[in-house]
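**Student:** Dropping the structure in here first, questions after.
The values are calculated or read from the model by the stated rules, or taken from the named source; none is laboratory data. No experiment lies behind these values; they were computed from the predicted model shown. Glycine also receives a Cβ, built like all others from the backbone with ideal geometry; neighbour counts cover every protein chain displayed. Please note that ligands, DNA and RNA were not included when accessible areas were found on the heavy atoms of the full protein model with its side chains. Shrake-Rupley method; radii C 1.70, N 1.55, O 1.52, S 1.80 Å.
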Amino acid sequence: MPTETNQYFFGNSLVNFSEGGAQTNLPYWLNQLTLEAGGTYDVNGGFGFLRQFADRLEPANEWGFQGITGQWDDDTERFADQVFSQVIITPGNFIQDLAPTANYPDGNISPVDATESILATVLTDQPNAQIFVYQGWSDLAAFSETFPPSESSIERYYDYNQEDYHTWFVDYVDTLNASTPDANITLIPVAPVLASLLEEGGPLAAISTTELFTDSAPHGTETTYFLASLITYQATNGEPAPASFDVPANIHPLVAENYTELLDYIEVQTTNYMDMVVPTPELEPETPVEETPEEETVDETPEEPIIAPEAAPPPELTPDPAPLPAPEAEVVSPPEPELAPEDTPELEGSLEAERAPALELPPAPDTNLEPPAEPETETETETETETETETEMWRGQELEQGVTVADMMAAEALYCTPEQIAEAEAFYAAEQSGDLGFPTVPMSTFYAQESPYNDSEEDESAPLSASLKTIVTDIL
């Protein structure tokens, strides 16, 4: 039973979807579960992706949650002054088309390289913390150009989360444990366990896509983050969430009706997927060979040497057990979701600096936007040793290093209609509001690439999943 948990998250909106409400995040539910188990829970965290985390001089303290008082006051204390029992790193959910050791397409650093930089800070400032990698669910836009997706698309999506997507995370963690053994990283396999719950034949297959996700990023509902918290609790505490917890009414009723059975299912599946991350094996001591006593013989022919028995081959990894059957419980038809997609739904993700350069975007359609002016290039002289780079601005915001105005215009043209772009022009001509929120996991343009998972039956372009305002203001 946990007594005191104090976590720090290098996170994104698969951990904390702040725009969805007070309960669309992991820490809210982890706090509720820990209190029910008789423990205490504190948490701090910040938004970003691996390269952003690696570039910061110190981790950010940006989060706050209902009912939780984080211990870190960064106005007066530094990250190294805290004592976190657990540090959790969250990679993006749209970078798995390349190996974790492959460089990002626009740079000379890989996800593993960036994470090793993060670990250098963590191991120095929090030497006693357990280190985890949070495997959030993958990008849904790669499987369907529309939301909600078709049944065939969502089934391929769930298969991917349990197969290739999970394999990427296994390779990622294994590589990090080999290069930084002191980190002793543990994987939190939210994506494959969640997919096994929701896929056809799973215990929660009757829950519809729109009752779990609000867009193609995909951001989740309270039910999705609650289920993710049950998996995270199991992985970080080594035991199921308390069975006595009273599941509230805003969680899908099928979860409450089968809660104790779900805890058993999650324990088995989580342990199974965690075991796929194989630590460096310890060498077993050699079995001593018993000496055969010499027999007294008249013949003085020397005895043949005793041959040591051959070492047994290493045991094979136990294959994944088949998913447990769905609990035999009467399924109550869920009510109509409140967040039904509109004709022009608002995007609740962000175009993160890591995503745009990683894709070869198609030529932008004709719009009313004028192309950006060619940046002036300073001529280097033999006496110059440093070159100053001007920070580019777009929509009133500074762009991240490596991202250009042309990148943002191409991405906007890909996702938006001319009418929506015109609305954005009008919006950003007005005085900006201070209530725009903080960047979250973006809508992906991954479906623009060739992919065996794309739904070729759907030819129409994807409608926006959220407002253009969020796409263009969530760059930082």
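**Student:** Using modelled amide H (1.01 Å from N, peptide plane; none on Pro or chain starts), what sits under 5 Å from the amide H of VAL43, excluding residues fewer than 5 places away?
**Tutor:** Those qualifying (amide H under 5 Å, at least 5 residues apart or on another chain) are GLN7, GLY70, GLN71.
**Student:** Is the range 1-130 best put as rounded, prolate or oblate by its Cα gyration tensor, with a ≥ b ≥ c the root eigenvalues, rounded for a/c under 1.5, and otherwise prolate when a/b is larger than b/c, oblate when not?
**Tutor:** Note, shape of the range 1-130 comes out prolate.
**Student:** Hey, another quick one. Using θ = phi - 60° and the Karplus form 6.51 cos²θ - 1.76 cosθ + 1.60, what ³J(HN,Hα) does each residue of the range 203-220 get, whole Hz, x for Gly and Pro?
**Tutor:** Once θ is set to phi - 60°, the couplings for the range 203-220 become x, 10, 4, 6, 6, 6, 4, 6, 8, 10, 10, 10, 6, 8, 4, x, 7, x Hz.
**Student:** Hey, can you rank 161-173, 223-235 by average C-beta count inside 10 Å, highest first?
**Tutor:** Output ranking for 161-173, 223-235: 223-235, 161-173.
**Student:** What shape does the range 103-213 have by the C-alpha gyration tensor, where a ≥ b ≥ c are the square roots of the eigenvalues, rounded means a/c under 1.5, and otherwise prolate means a/b greater than b/c and oblate the rest?
**Tutor:** prolate
**Student:** Still on this structure, please answer the following. Around TRP394, which amide H atoms from residues at least 5 apart in sequence, or from another chain, sit under 5 Å from its own amide H, with H modelled in the peptide plane?
**Tutor:** It is LEU399, by chain and number.
**Student:** For the range 33-84, which whole-number percentage of the solvent-accessible area (1.4 Å probe, protein heavy atoms only) is attributable to carbon and sulfur atoms?
**Tutor:** About 42 percent, which is the carbon plus sulfur part of the accessible surface.
**Student:** Further, regarding this structure: Label-point separation (nm) for GLN401 and SER208, each offset 7 Å from Cα along Cα-to-Cβ?
**Tutor:** Each label point lies 7 Å from its Cα, and together they span 4.7 nm.
**Student:** What's the local net charge at THR3, with K and R +1, D and E -1, over the other residues with C-beta under 13 Å away?
**Tutor:** -3
**Student:** Turning to a different aspect of this structure: Need one word for the range 152-272: rounded, prolate or oblate. Basis is the Cα gyration tensor (sqrt eigenvalues a ≥ b ≥ c); a/c below 1.5 gives rounded, then a/b vs b/c decides.
**Tutor:** oblate
**Student:** Find how many whole Å separate the alpha carbon centroid of the range 81-109 from the alpha carbon centroid of the range 1-63.
**Tutor:** Taking the Cα centre of the range 81-109 as reference, the centre of the range 1-63 is 17 Å away.
**Student:** Give the peptides 15-24, 133-142, 240-249 in descending order of average Cβ contacts within 10 Å, highest first.
**Tutor:** 133-142, 15-24, 240-249
**Student:** For LEU14, enumerate residues with amide H under 5 Å from its amide H, sequence gap 5+ or separate chain, H modeled in the peptide plane.
**Tutor:** Distant-sequence amide H within range of LEU14: VAL441.
**Student:** Which ³J(HN,Hα) values in Hz, rounded to whole numbers, follow from the phi angles of the range 243-254 under the Karplus curve 6.51 cos²θ - 1.76 cosθ + 1.60, where θ = phi - 60° and Gly and Pro get x?
**Tutor:** Each residue's phi maps through the Karplus curve to give 5, 7, 5, 8, 5, x, 5, 7, 8, 3, x, 5 Hz.
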